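The values are calculated or read from the model by the stated rules, or taken from the named source; none is laboratory data. In this text, all values refer to a predicted model and were calculated from it rather than measured experimentally. Ideal geometry is used to build each Cβ from the backbone, glycine not excepted, and the neighbour counts take in all protein chains shown. Remember, those area values only see protein heavy atoms, side chains included, never the ligands or the DNA or RNA. Shrake-Rupley method; radii C 1.70, N 1.55, O 1.52, S 1.80 Å.
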Amino acid sequence: EAGQDYYFVAQPFLSSAAGEYFYVLAPPAPFRINKALAGAWFNEATPGQGLVIDVYDSRNTMFVAWFTFDLERPASDTAMMGESGQRWMTAQGPYEHGSVAALPMYFFGGMVFNSAVPPVEALDQQGTLMIEFDGCNTGTASYDLVTAGRVNEFPIVPLTDNHVELCEAFT
């Protein structure tokens, strides 16, 4: 189990003395990203915003949809449906074995609700989103939005704890 210390009883190999045992402390294994982390995560200080994370651990790939808002309130709310200041960013890419995923982040635009016309406009990479998990219940999201000139980080927690037992089993 990740985060736990373990002690092993050992006897020297090929020792002529019987009963010479010693204890060995095995340090805990570092936390690793696993598929049980998939789900909704958010920063408790910013309600109404959050991340939906999907983990493909067989391919060491992560997809993140970040639901948030524009840098400033729009001058007028001209949206025909919903909030005109809402923003949806996506990040996807491979991660190394470990607890951190650094993913390229993109904005998409040009679409109309529930329609394939006009086709989606894939914009260039806008920055990087880094997700670092401290364990099954906590993490940190940090971003570098190059085009917007914004760099920051915030804590994230899962929306529910339904995944914890499976997550701990994987670690």
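Count, please, the residues in the range 126-171 that happen to be of a type in the set (Gly, Ala, Ser) and at pLDDT below 95. Selection size over the range 126-171: 5. Scanning the range 133-171 for residues that are open to solvent by less than 80 Å² (accessible area, probe 1.4 Å), closer than 24 Å to Phe107 by Cβ and without any contact (Cβ under 8 Å) to a residue 60 or more places away in the chain returns Thr140, Ser142, Tyr143, Asp144, Leu145, Gly149.
Of the residues examined, Val64 is not one that is open to solvent by 30 Å² or more (accessible area, probe 1.4 Å), modelled with pLDDT of 90 or more and within 19 Å of Ala40 (Cα to Cα).
Residues in the range 71-80 that are touching a Ser or Thr at 6+ places or on another chain (Cβ under 8 Å) and surrounded by 10 or more Cβ atoms within 10 Å (Cβ to Cβ) were compared, and the one that is modelled with the highest pLDDT is Pro74.
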